[in-house]
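Trainee: Here's a structure for you.
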Amino acid sequence: MAKIGVEPSLTNVQVALKERGYEVVPLRQESDAKGCDCCVVTGQDANVMGIQTAITRGAVIDASGLTAEEICQKVEATVR
């Protein structure tokens, strides 16, 4: 199964993804995203400086306004 990075504050998303069999990695620092097939973030840490350094080749899903189920659906569509 795919390796999914999830911000620690999104515990409901972590649980839902684990139930679906995904390997879930908490994203505590930038380097935690290395090797992830997909990352789920809250969007609260906006890129104010405009610097874009790619840490992972996987997709990044912004969880803002989405339910855990909707996020799981986006992850599944992304990592297929």
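Read-outs throughout are calculated quantities, based only on the coordinates presented, and are distinct from any laboratory measurement. Everything quoted here is computed from the prediction, not taken from an experiment. Reconstructed Cβ throughout: ideal geometry from the backbone, glycine too, with neighbour counts over all protein chains shown.
Trainee: Extending each Cα 7 Å along its Cβ direction at Val79 and Gln29, get the distance between those two points in nm, one decimal.
Mentor: 2.4 nm
Trainee: Based on the Cβ-Cβ distance of Val60 and Glu19, what FRET efficiency does E = 1/(1 + (r/R0)^6) give at R0 = 22 Å, to the nearest 0.05?
Mentor: Step by step, r from the Cβ atoms, then E = 0.50.
Trainee: Report, by chain and number, residues whose modeled amide H sits under 5 Å from the one on Val6, excluding near sequence neighbours (fewer than 5 apart, same chain).
Mentor: Those qualifying (amide H under 5 Å, at least 5 residues apart or on another chain) are Val25, Leu27, Val40.
Trainee: Moving on. Non-local amide H neighbours of Val60 (under 5 Å, H modeled in plane, Pro and chain starts lacking H): which ones?
Mentor: For Val60, whose amide H was placed from the backbone, the distant partners under 5 Å are Cys39.
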